[in-house]
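Undergrad: Before we start, here is the structure in question, set down as structure tokens.
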Amino acid sequence: MLGTILYGPGDVRCEEVPEPKILHPTDAIIRLSATCICGSDLWPFRGLNDITSPMAMGHEYCGIVVEIGSAVTSVKPGQFVVGSFCLSDNTCPHCKFGFQSSCEQREFMTGAQAPLARVPLADGTLVATAELPADDLIPSLLATSDVLGTGWYAADAARVRPGSTVVVVGDGAVGLMGVLAAKQLGAERIIAMSRHKTRQDLALEYGATDIIPERGDAGVARIKELTRRIGADSVLECVGTKESMKQAIQCARPGAMIGYVGVPHGVELDGQSLFFSQTGMLGGPAPVRRFLPHLMDLVLERKINPGKVFDLTLPLADAAEGYRAMDERRAIKTLLRL
């Protein structure tokens, strides 16, 4: 079968790879209905993460179960399932506390940019639908696997509440999902920081009330102007750079919460400035499994349409072009059809 392998910066290839097999009794094999490229895949593609050996790419997935290990009881062949990019048993103390992304048995999904994928810890990771979903819902269900769950976690961690004012730093797929999540959680004002027309338009469609193209000090000043010098009740940091984190902290009012889900690269925090800002911070890899049943229901009931974040669809064989398009900001997020 074909699979996407990253060999080095800018060098991603779709080539023949072995079909996955059951390795442990807790595994499942699924036939993917669709897969995609994540913004976090661009970090190694750009050479910002070390690549010591060829990497099987892909950690967002949904599809039909074709085989299960002898210990798997919660899903069965023929069912449509969605799973998180963080694999978890969903039974350890951290999972029960709602942080499946810190499971004592945690693994990270790999190799999902392919027609078939092995899912370890299947019982704790996979959520099945009652029946096979309509084909037009596949992109949105795929989005719940990571990008929607991550944006939702950013909003949840930032304690978005009905009537609150929210700032979303970052207009990539996760930031746009953060806008959607903030709207669903009842925010009254959602300020999206974006310079790109297509992303601005989608942010507005998902519920943004204001768009700010400025960055740095100018962006902070504009937010303070819009909020009568108060700042935001909640800030979603969805980028992961030093500049975006600094901006997020400076946009927050005293007592605000910052939900940070951008994978950090070069982020350093000044303890004294953070101390006097009187803001709280919660982030890290999103515990998507906590939110997955609810998010899947919202999609299946057609209350949300996160699949619109996929603005480029390509066959798996053209995955390299999907990476380039996202890297060059010609696409927000690439859907790969199998």
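The values are calculated or read from the model by the stated rules, or taken from the named source; none is laboratory data. Note that the structure is a prediction, hence the values are computed from the model and not measured. Neighbour counts are summed over all protein chains in view; Cβ atoms, including those assigned to glycine, are modelled from backbone coordinates with ideal geometry. These accessible areas exclude ligands, DNA and RNA; they are computed on the full protein's heavy atoms, side chains included. Shrake-Rupley method; radii C 1.70, N 1.55, O 1.52, S 1.80 Å.
Undergrad: From the list Ile5, Ile51, Ile29, pick out the single residue that is out of contact with any His (no Cβ under 7 Å at 6 or more places or on another chain) and touching a residue at least 60 places away in the same chain (Cβ under 8 Å).
TA: Ile29
Undergrad: Give me the pairs, please: first residue somewhere in the stretch 54-71 and touching a residue at least 40 places away in the same chain (Cβ under 8 Å) and on the phi < 0 side of the Ramachandran plot, second residue anywhere and assigned to a loop (DSSP other than H, G, I, E, B) and among the charged types (D, E, K, R), beta-carbon distance under 6 Å, and either six or more positions apart or on two chains.
TA: If the second residue must be assigned to a loop (DSSP other than H, G, I, E, B) and among the charged types (D, E, K, R), the pairs left are Glu60/Asp146; Gly69/Asp27.
Undergrad: Would you confirm whether or not the stretch 268-279 contains a residue that is crowded, with 17+ Cβ neighbours inside 10 Å, among the hydrophobic types (A, V, I, L, M, F, W, C) and either closer than 30 Å to Leu6 by Cβ or touching a residue at least 24 places away in the same chain (Cβ under 8 Å) (or both)?
TA: No, the stretch 268-279 has no match at all.
Undergrad: Among residues belonging to the stretch 195-249 that are among the polar types (S, T, N, Q) and either more than 20 Å from His265 (Cα to Cα) or open to solvent by 30 Å² or more (accessible area, probe 1.4 Å) (or both), point out the one that is farthest from the chain's Cα centre (by Cα).
TA: Out of the qualifying residues, it is Thr227.
Undergrad: Just to check your reading of the model, which residue among Ile37, Ile51 is aliphatic (A, V, I, L, M) and under 20 Å from Leu141 (Cα atoms)?
TA: Of Ile37, Ile51, the one residue that is aliphatic (A, V, I, L, M) and under 20 Å from Leu141 (Cα atoms) is Ile37.
Undergrad: Show me the strands (runs of 3 or more DSSP E) found entirely inside the stretch 29-140 where at least 1 residues are β-branched (Val, Ile, Thr) and open to solvent by less than 10 Å² (accessible area, probe 1.4 Å).
TA: Passing ranges, in order: 61-68, 80-83, 116-119.
Undergrad: Tally time: how many residues in the stretch 301-338 are outside any helix (DSSP H, G or I) and either hydrophobic (A, V, I, L, M, F, W, C) or open to solvent by 20 Å² or more (accessible area, probe 1.4 Å) (or both)?
TA: Summing the residues that are outside any helix (DSSP H, G or I) and either hydrophobic (A, V, I, L, M, F, W, C) or open to solvent by 20 Å² or more (accessible area, probe 1.4 Å) (or both) in the stretch 301-338 gives 20.
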